[in-house]
Structure formats: structure tokens, C-alpha cells
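In what follows, a single structure is set out as C-alpha cells and then discussed.
The values are calculated or read from the model by the stated rules, or taken from the named source; none is laboratory data. In this text the structure is predicted, and so the values were computed from the model without any measurement. Note that each Cβ is placed from the backbone with ideal geometry, even for glycine, and that neighbours are counted across all protein chains shown. With ligands, DNA and RNA removed, areas are computed over all heavy atoms of the protein, side chains included. Shrake-Rupley method; radii C 1.70, N 1.55, O 1.52, S 1.80 Å.
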Amino acid sequence: MNDEFRILLVDDNPDDRLLIRRALTREFPDLMITEVGDPETLARAIEDGSFDLVITDYGLGFTDGFALLDTLKAQWPECPVILCTGTLSEEIAVEALRKGLDDYVLKDPRRFMRLPAAVRSAIDHARQRAAARAAELRYHELFDGAPVGLIRCLPDGRILAANAAAARLAGFPSVSALLDASVADLCADVDDRARLVGALERGETLQHVEIQGRRRDGELI
């Protein structure tokens, strides 16, 4: 994993910030850390910055941990957030995770050493999510923009997705109108489709299969 990333460190205890910085820079020498210990610096960082991960204390003297988590997720929905705090009850931890917290590490000497691993895991998962979103977007761009008609459907005929070319070929005014139809409505002979579905359910691979279709107005294609 590329270890060049930016972290926003929010903690009003300078000694704790120093410990966190030392623990992380030993593991990630290329790490860039922006430290925040007061509300004014935090506001500027949130307004001006763009970070790959946020580490924050829960018991901050100038704001509530949940309020800060809500603010961070509103500003950067995809940015992972880790709580590094002295005490954290199970109820608070569960609520924080429900609000979008990625992980938490206690400032207990025995557990604090887990922080670099938690950071690596959170960054890695965030990058995987970003890659998956990019791949999904690219898939939809290719699917929607294809010059040939494409339809995804379930064996019972319900249409899950279709592109504009498919709607035009089938004589529907829009993709949404086509999605309300059934693939069975597009087949001139329902037995043809039943044979295709049966072959697929038996695990057969179908290629270069032609069947006669029916447009919305009844015209055969």
C-alpha cells in the first residue's frame, strides 16, 4: 500500500498528539500530519483541508466527540475516522460506529500500539471503497452509453437495468418505462425465452443466440 497520505489529528492534549505522531511516523515515514488542538484551528482545517484520514480524541475540551464526528462525516463522507481516546464505554463505541466511525483505539499502553495497524486498515479499506465506486461508475458509463441494446434481468423476467439503446429498440419512450415491463413482453414467443432460461439454469453457456422479439407496439423485430 502507498504510505503517502494526509492525516488530520485532533486532540487538545499536546503530549498525546506527540505520542500519536511518534507512533505513526515510525510506521509511515512519508506521513503528513496536520495537528489541531483548538476550535479555531479545527475550523480552518475543516474548511481548507482535504485529508485521507482523521484521528480524534472523544473527550475534547472544546467540542463533543459525536458532534465532531457528525461534522467530519458531513464534510468528508468517505474519509475514515478513528477515535483515539482515553476511555470509551461500549455504548458510546457502538453509537460512534453507527454514526460512521471506522475504528477506535484506547490510549492504554497495551492497546495504543494497535494504532498504526488501525490506520493502515482504515486507509486500505477507504481506498478499496473508492476503487469499487470508480469501477461501478465506469461500468454504468459503459452500460448506459453502449450503442447496442443491453438488458439485465432476473429469471422470472423482471428487468433490473437497461440502457437507452434497448429502450429505443423495444419502442419504449424511456429507460424507466422499459424497466416497468417484463422481458417476457419483449419476446415474440415465450417458449423461446423459456428454453434460454432453462439452458442457463443447467449451467450452459449461450452465445450468438437469436430469437424474435416484439416491440411495445407489437411490431416483430
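For region 43-66, name all the residues that are touching a strand residue (DSSP E or B) at 6+ places or on another chain (Cβ under 8 Å), under 23 Å from F112 (Cβ atoms) and open to solvent by less than 60 Å² (accessible area, probe 1.4 Å).
F51, L53, V54, I55, T56, D57, Y58, G59, L60, G65
Examine region 213-221 for a residue that is over 38 Å from the mean Cα position of the chain (by Cα), β-branched (V, I, T) and open to solvent by 90 Å² or more (accessible area, probe 1.4 Å), and state whether such a residue exists.
Checked against the condition, which is being over 38 Å from the mean Cα position of the chain (by Cα), β-branched (V, I, T) and open to solvent by 90 Å² or more (accessible area, probe 1.4 Å), region 213-221 yields at least one hit.
Go through (1) in contact with a strand residue (DSSP E or B) (Cβ under 8 Å, 6 or more places away or on another chain); (2) touching a residue at least 24 places away in the same chain (Cβ under 8 Å) one by one and return the number of the condition A93 breaks.
A93 satisfies every listed condition except (2).
One residue is enough: does region 5-24 have a residue meeting the conditions modelled with pLDDT under 90, open to solvent by less than 60 Å² (accessible area, probe 1.4 Å) and of a type in the set (F, W, Y)?
Scanning region 5-24 turns up at least one residue that is modelled with pLDDT under 90, open to solvent by less than 60 Å² (accessible area, probe 1.4 Å) and of a type in the set (F, W, Y).
Assuming R133 fulfils every condition listed in (1) among the charged types (D, E, K, R); (2) closer than 26 Å to G100 by Cβ; (3) surrounded by 12 or more Cβ atoms within 10 Å (Cβ to Cβ) apart from one, which condition is it?
Among (1) among the charged types (D, E, K, R); (2) closer than 26 Å to G100 by Cβ; (3) surrounded by 12 or more Cβ atoms within 10 Å (Cβ to Cβ), the lone unmet condition for R133 is (3).
Scan A131, A135, A122, A45 and give me the residue that is touching a residue at least 60 places away in the same chain (Cβ under 8 Å) and of a type in the set (A, V, I, L, M). If you could, list the steps in order and put the result at the bottom.
On the way: A131 fails: touching a residue at least 60 places away in the same chain (Cβ under 8 Å); A135 fails: touching a residue at least 60 places away in the same chain (Cβ under 8 Å); A45 fails: touching a residue at least 60 places away in the same chain (Cβ under 8 Å).
Within the list A131, A135, A122, A45, the selection yields A122.
Considering only residues that are of a type in the set (S, T, N, Q) and touching a Leu at 6+ places or on another chain (Cβ under 9 Å), look in region 44-70 and name the one that is farthest from Q128 (Cα to Cα). Break it down stepwise before answering.
Narrowing region 44-70 to residues of a type in the set (S, T, N, Q): 50, 56, 63.
Subsequent filtering for residues that are touching a Leu at 6+ places or on another chain (Cβ under 9 Å) retains 56, 63.
Values: T56: 23, T63: 31 Å.
That would be T63.
Name the residue, out of Y104, Y139, that is open to solvent by 60 Å² or more (accessible area, probe 1.4 Å), more than 24 Å from G65 (Cα to Cα) and among the aromatic types (F, W, Y).
Y139
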